[in-house]
1. Does region 49-60 include one or more residues that are of a type in the set (Ser, Thr, Tyr), in a helix (DSSP H, G or I) and either out of contact with any Asp or Glu (no Cβ under 9 Å at 6 or more places or on another chain) or at pLDDT below 95 (or both)?
2. Exactly one of these conditions fails for residue 199: (1) over 30 Å from residue 130 (Cβ atoms); (2) of a type in the set (A, V, I, L, M); (3) at pLDDT 95 or above; (4) touching a Lys or Arg at 6+ places or on another chain (Cβ under 6 Å). Give me its number.
3. Just to check your reading of the model, which residue among 71, 24, 40 is surrounded by fewer than 17 Cβ atoms within 10 Å (Cβ to Cβ), touching a residue at least 12 places away in the same chain (Cβ under 8 Å), part of a helix (DSSP H, G or I) and acidic (Asp, Glu)?
4. Which residues, taken from region 148-171, are assigned to a helix (DSSP H, G or I) and not aliphatic (A, V, I, L, M)?
5. Given the options 91, 65, name the one that is on the phi < 0 side of the Ramachandran plot and either out of contact with any strand residue (DSSP E or B) (no Cβ under 9 Å at 6 or more places or on another chain) or surrounded by fewer than 15 Cβ atoms within 10 Å (Cβ to Cβ) (or both).
6. Could you check region 86-125 and list, in sequence order, the residues that are under 22 Å from residue 213 (Cβ atoms), among the aliphatic types (A, V, I, L, M) and at pLDDT 95 or above?
7. Of all residues in region 118-137, count the ones that are part of a helix (DSSP H, G or I), under 15 Å from residue 6 (Cβ atoms) and hydrophobic (A, V, I, L, M, F, W, C).
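The values are calculated or read from the model by the stated rules, or taken from the named source; none is laboratory data. The shown structure was predicted, so the numbers you read here are calculated from the model rather than taken from an experiment. Here Cβ is always computed from backbone atoms with ideal geometry, including for glycine, and neighbour counts include all displayed protein chains.
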Amino acid sequence: MNISGNTIFIPGATSGIGLALAVELQAKGNKIIVGGRRTELLDRIAAEHSGIDTVRIDTTDAASIEAAAKEVLAKHPRLNVLVAMAGIMKIEDWHKPEQFLASAESVIMTNVLGPVRLIAAFIEHLQAQPDATIVTVSSGLAFAPLKATPSYNASKAAIHMLSESIRLQLADTSVKIVELEPPAVRTSLLPGQESSEWAMPLDAFVTEVVSLLESQPGVKEIQVENVKFLRYGEARGDYDRVVATLNAADPHGN
């Protein structure tokens, strides 16, 4: 993925990593379209960040994805990058179904089915571009589980394997698959995470991500240094230690 000259759609970018990445990529010379459910946030982004376009989209709703895709492509026919950023994370207790089932269904709908539907809505257009990229968003928790968030861990493991698989299938096209693997970052993904000492500062994370894209345009997995402890535990042979350390440090665990 080239660092500049792209037209990039980022659904799920009204706050947190998505918005910070949108602003940084715009500064690098890209046209940015931000998507989200809440129109008041979209209006604020458009007012505060001149040149960023916005579109309403609910990635849990197939009809909303289809409508948003038509709108984005009509306005931005040179779109060549899709960043499937939208995601949620919930604490769950799997001892009783009433304590986890609704949450698990919501997480899987948003984090797995949402990106699948997004890719389906844009894949034919992207294949017609001379140079296109789909950025999927997994997590360090795809590779080491956090006890308190089983469905989130599973959803991000699914995104990792989905990314690996469609990269193989699309190797005969112009579409590249890049997987972003964040560690814990200071956002509102979970209560208290924005001010947590164990989470990476948002600005530092986004700066490192953009630096990696700039220095390694052919990168397949975007891994800041903070995520490598989780990402490579099994390969290093210290997976059990990684899991124990992760869960001992987690303020949401028991």
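1. No, region 49-60 contains no residue that is of a type in the set (Ser, Thr, Tyr), in a helix (DSSP H, G or I) and either out of contact with any Asp or Glu (no Cβ under 9 Å at 6 or more places or on another chain) or at pLDDT below 95 (or both).
2. (3)
3. On the way: 24 fails: surrounded by fewer than 17 Cβ atoms within 10 Å (Cβ to Cβ); 40 fails: touching a residue at least 12 places away in the same chain (Cβ under 8 Å).
The unique qualifying residue is 71.
4. Listed by number, the residues that qualify are 150, 151, 152, 153, 155, 156, 160, 163, 164, 165, 167, 169.
5. 91
6. Hits for region 86-125 are 118, 119, 123.
7. 2
Every residue, every condition in (1) exposed (fewer than 14 other Cβ atoms within 10 Å of the Cβ); (2) on the phi > 0 side of the Ramachandran plot; (3) assigned to a helix (DSSP H, G or I); (4) of a type outside the set (S, T, N, Q), yes or no:
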| site | (1), (2), (3), (4) |
| --- | --- |
| 2 | no, no, no, no |
| 20 | no, no, yes, yes |
| 32 | no, no, no, yes |
| 45 | no, no, yes, yes |
